Every structure is written in structure tokens, then in C-alpha cells.
Amino acid sequence: MRRKLVAGNWKMNTTLAEARALAGAVAAGVGASPSVDVAVCPPYPWLVPVADALKGSAVALGAQDVSAEPKGAFTGEVSPGMLLEAGCRYAIVGHSERRHVIGESDSLINHKVHAALEAGLHVILCMGETLAERDRGLMERVFQRQVYSALAGLTDEQFGRLVIAYEPVWAIGTGRTATPDQAQEAHAFVRARVASLYGEKIASGLPILYGGSVTPDTAAGLFAQPDVDGGLVGGASLKADGFLAIVRAVV
Ligand code: PEP
């Protein structure tokens, strides 16, 4: 039975005071022993204060990115070890804004996945097609490439700390959500690719989250799909009430 996860990606939002208040409200709303895993991913400078605000709660801390390097002359980068020391359990890798706005390559994403897992983090690996790729019928080819290139070389133990987030690029921050059927079709395909490349056991245990304009209204339909194991939530994670409603939709 795959454990469900709802993670909030705050992106480059919140002041320090807002971040503390949001983390505190999420922690209070989630309670002591939720039946679903919950995480929040604030901006880098707020990781330590948010870790403080979450102390003693069931809500985990995640980073929105991670360096592929352990230390050294990499201005602006933050290493996996630093994230662990700051209190992170998760690191998001390969978010579409990093792939398409910053220009991260499949090869860099593979290095980041390895570096984060080798350091002991859990990884939320994002993948998904652009609208042009969907319109040209290239979805399956894109998933095949992203699954193969990002996950090559992982051990079985490392697969145990991996979560995939299917995030169609056309649905991120656009208010346009995939339908439950579209999400199920994509998740089933991604799981089948993982099975053919890395084995049935790894594929059947791998949580696959849906991300892309999830709201309290759309969450229950998406999360009811058999291959949808929770969500990666952007805009709707910035208000505690809405985010908690999405968490409840999994339960
Ligand atoms: C995201 O950035 O991971 C995301 C899913 O954003 P939104 O929910 O705002 O579309």
C-alpha cells in the first residue's frame, strides 16, 4: 500500500512572518498523526525558521531545489547536506520552472537526484509535458525520456525515498487542471515506464503525485484515481485553509 503525500510548494512567496504563520497554521491543522504525509517547501532563507515553526508537528520540511554538488565554489547553490542540516526531509528536483525557465537539463536533474538521495534526502522528482508536446502527441515520448534520464543508476533503497510528481506544464500556475481521467492516464503510463525500466516491485511502491492548479474543489476527484497518490500544490498551498482542505481530500 503506497503512502499518500501532499506537499506545498511555496515558490518565491511569503515574507518571513507569513512563512512562520503559514507553517504554524498547517502544523496545527494537520494534527499529531495524520493518515497522509504532509510537507511544506518554503524559500531557502525561510527553511530554518519554518523548521522551528514545525518542530514537534507531523509536517515535514522540503526544499524547492538542491545542488548536485556536495560543497565548494558554486555561488548561489545549496548542497543536500545543508538542506538536511536545516531540517529538510524532501527536496523537489526538476520542477518545470527550473527545467523551462532556468534551463535545467535532464542530465543535471539526474545528478541532482543522485546527490540528494546519496546524502539521505527524499526526492520529489517533477516531470510533465508542455502543451505543444501534448498537442503533437509526444507525451509518452517525453515521459519515457524524463523517467529514463532522471532515474538511471538508482539503487532499490534509493527508489524507496523517491516520489514522482506528474505536473503537466500547461497546468502549472495557469488555473487549468488536468481532468481526473487525464491525470490517471498519465500516472498509469509513468508507472508502466518505471516498471519496464526498473521493475514491477519498484513501480508498484512508487508514489506518484499530481501537480498543476490543484484546488480544494478539484483535489478529491484527482486523488480518487488509483494511480494518483497525493499532490504537489503551488498557489493553493499559500493559504492554510485551502491547503488543509486539499490534505483532507486525500483522506
Ligand atoms: C507547482 O508549482 O508545483 C504547482 C503545482 O503549482 P500550482 O499548483 O500553482 O499550479
Given the criteria in contact with a Ser or Thr (Cβ under 7 Å, 6 or more places away or on another chain), in a strand (DSSP E or B) and in contact (Cβ under 8 Å) with a residue 60 or more places away in the chain, does Gly62 qualify? no
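Any residue at all in the stretch 161-169 that is without any contact (Cβ under 8 Å) to a residue 60 or more places away in the chain, away from the ligand (no atom under 16 Å from the Cβ) and open to solvent by less than 60 Å² (accessible area, probe 1.4 Å)?
Taking the stretch 161-169 as the starting set, the residues that turn out to be without any contact (Cβ under 8 Å) to a residue 60 or more places away in the chain are 161-162, 164, 166, 168.
Remaining after also requiring away from the ligand (no atom under 16 Å from the Cβ): 161-162.
Okay, now just the ones that are also open to solvent by less than 60 Å² (accessible area, probe 1.4 Å), so 161-162.
Yes, there is a match, as at least one residue in the stretch 161-169 is without any contact (Cβ under 8 Å) to a residue 60 or more places away in the chain, away from the ligand (no atom under 16 Å from the Cβ) and open to solvent by less than 60 Å² (accessible area, probe 1.4 Å).
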Looking across the stretch 200-224 at residues that are within 12 Å of the ligand (Cβ to nearest atom) and open to solvent by less than 10 Å² (accessible area, probe 1.4 Å), the single one that is nearest to Gln158 (Cα to Cα) is Leu209
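Do the conditions hold for Pro180, that is, is it at pLDDT 95 or above, open to solvent by 20 Å² or more (accessible area, probe 1.4 Å) and more than 15 Å from the ligand (Cβ to nearest atom)? Talk me through it step by step, then tell me what you get.
On the way: at pLDDT 95 or above: yes; open to solvent by 20 Å² or more (accessible area, probe 1.4 Å): yes; more than 15 Å from the ligand (Cβ to nearest atom): yes.
Against the criterion (at pLDDT 95 or above, open to solvent by 20 Å² or more (accessible area, probe 1.4 Å) and more than 15 Å from the ligand (Cβ to nearest atom)), Pro180 qualifies.
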Of those in the stretch 81-115 that are over 16 Å from the mean Cα position of the chain (by Cα) and either in contact (Cβ under 8 Å) with a residue 60 or more places away in the chain or within 16 Å of the ligand (Cβ to nearest atom) (or both), the residue least open to solvent (accessible area, probe 1.4 Å) is Glu104
The number of residues in the stretch 225-242 that are β-branched (Val, Ile, Thr) and away from the ligand (no atom under 12 Å from the Cβ) is 1
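The values are calculated or read from the model by the stated rules, or taken from the named source; none is laboratory data. If you're wondering where the values come from, they're calculated on a predicted model, not measured in any experiment. Ideal geometry is used to build each Cβ from the backbone, glycine not excepted, and the neighbour counts take in all protein chains shown. Ligands, DNA and RNA are excluded from the accessible area calculation, which covers all protein heavy atoms including side chains. Shrake-Rupley method; radii C 1.70, N 1.55, O 1.52, S 1.80 Å.
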